[in-house]
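Peer 1: Take this structure, written in structure tokens, and hold onto it; I'll ask about it next.
The values are calculated or read from the model by the stated rules, or taken from the named source; none is laboratory data. Note that the coordinates shown come from a computational prediction; the quantities given were computed from them, not determined experimentally. In this analysis, Cβ positions are derived from the backbone assuming ideal geometry, glycine residues included, and neighbour counts consider all displayed protein chains.
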Amino acid sequence: MNVRSTTQQLAIRRVLESAGRPLCPSEILEDARREVPSLGQATVYRGIQRLLAREDIRRVKVPGLIDRYEWGAEHHHHHFLCRSCERLFELDACPGGLEKLAPKGFQAEDHDLLIKGLCPECRELES
Ligand SMILES: [Zn+2]
Ligand SMILES: [Zn+2]
């Protein structure tokens, strides 16, 4: 990699590493452009692919929305989706015990949980 693309890749990496929540490609682009104004969408996608291949980030699927990407290894947790800004936030806890909601005779193996609502900033705007 040349110096320019290394700088770009590092900016993309830093944005995801410091975000503390899953980001979509346009959020990554916006944040990384503060560091590297010439950054383009295609470079962000390449950076995402590279980080996925290294397992530095994970893909987070949200029904009806473009995939998000979050920093770090796989660990069991859930997310909060703000319906207004469509930003995704990490939840600290899992309520647990969801397996017992499976119908009689079924064996639950895993679950997804997405809480939806308004983030503090959007609540402020709507009130
Ligand atoms: Zn919001
Ligand atoms: Zn859970």
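Here's the yes/no breakdown for (1) within 16 Å of ligand 2 (Cβ to nearest atom); (2) surrounded by 14 or more Cβ atoms within 10 Å (Cβ to Cβ):
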site	(1), (2)
Arg50	no, yes
Ala53	no, no
Arg59	no, no
Arg68	no, yes
Ala73	no, no
Pro103	no, no
Glu109	yes, no
Leu118	no, yes
Leu125	no, no
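Peer 1: Oh, and also: In segment 75-101, what count of residues is obtained for those that are of a type in the set (Asp, Glu) and within 11 Å of ligand 2 (Cβ to nearest atom)?
Peer 2: Step one: list which residues in segment 75-101 are of a type in the set (Asp, Glu), which gives 86, 90, 92, 99.
Next cut, within 11 Å of ligand 2 (Cβ to nearest atom) only: 99.
Total satisfying the criteria: 1.
Peer 1: Yes or no: segment 70-78 includes at least one residue that is farther than 26 Å from Thr7 by Cβ, touching a residue at least 24 places away in the same chain (Cβ under 8 Å) and not hydroxyl-bearing (Ser, Thr, Tyr).
Peer 2: Scanning segment 70-78, I find at least one residue that is farther than 26 Å from Thr7 by Cβ, touching a residue at least 24 places away in the same chain (Cβ under 8 Å) and not hydroxyl-bearing (Ser, Thr, Tyr), so the answer is yes.
Peer 1: Look through Leu39, Leu65, Leu23, Leu29 and report the one residue that is in contact with a Phe, Trp or Tyr (Cβ under 9 Å, 6 or more places away or on another chain) and of a type in the set (A, V, I, L, M, F, W, C). Write out each step before concluding.
Peer 2: Working: Leu39 fails: in contact with a Phe, Trp or Tyr (Cβ under 9 Å, 6 or more places away or on another chain); Leu65 fails: in contact with a Phe, Trp or Tyr (Cβ under 9 Å, 6 or more places away or on another chain); Leu29 fails: in contact with a Phe, Trp or Tyr (Cβ under 9 Å, 6 or more places away or on another chain).
Matching residue, one of Leu39, Leu65, Leu23, Leu29: Leu23.
Peer 1: I've got another one for you. Give segment 84-100 a look and list any residue that's under 27 Å from the mean Cα position of the chain (by Cα) and exposed (fewer than 11 other Cβ atoms within 10 Å of the Cβ), or say none. Break it down stepwise before answering.
Peer 2: Initial filter on segment 84-100 (under 27 Å from the mean Cα position of the chain (by Cα)): 84-99.
Answer for segment 84-100, where residues must be under 27 Å from the mean Cα position of the chain (by Cα) and exposed (fewer than 11 other Cβ atoms within 10 Å of the Cβ): Asp92, Ala93, Pro95, Gly96, Gly97.
Peer 1: May I ask you to verify whether Pro22 is assigned by TED's automatic domain parsing to the domain that holds Glu121 and touching a residue at least 12 places away in the same chain (Cβ under 8 Å)? Give the derivation first.
Peer 2: Details: assigned by TED's automatic domain parsing to the domain that holds Glu121: no; touching a residue at least 12 places away in the same chain (Cβ under 8 Å): yes.
Considered against the rule, which asks whether it is assigned by TED's automatic domain parsing to the domain that holds Glu121 and touching a residue at least 12 places away in the same chain (Cβ under 8 Å), Pro22 comes out as no.
Peer 1: Also, quick follow-up: If I filter segment 94-124 down to residues being part of a helix (DSSP H, G or I) and away from ligand 1 (no atom under 16 Å from the Cβ), which single residue comes out as modelled with the highest pLDDT?
Peer 2: Applying the first criterion (part of a helix (DSSP H, G or I)) to segment 94-124 yields 98-101, 120-124.
Add one more test, that the residue is away from ligand 1 (no atom under 16 Å from the Cβ), and what stays is 98-101.
Numbers: Leu98: 90, Glu99: 89, Lys100: 90, Leu101: 93.
Checked segment 94-124; the qualifying residue modelled with the highest pLDDT is Leu101.
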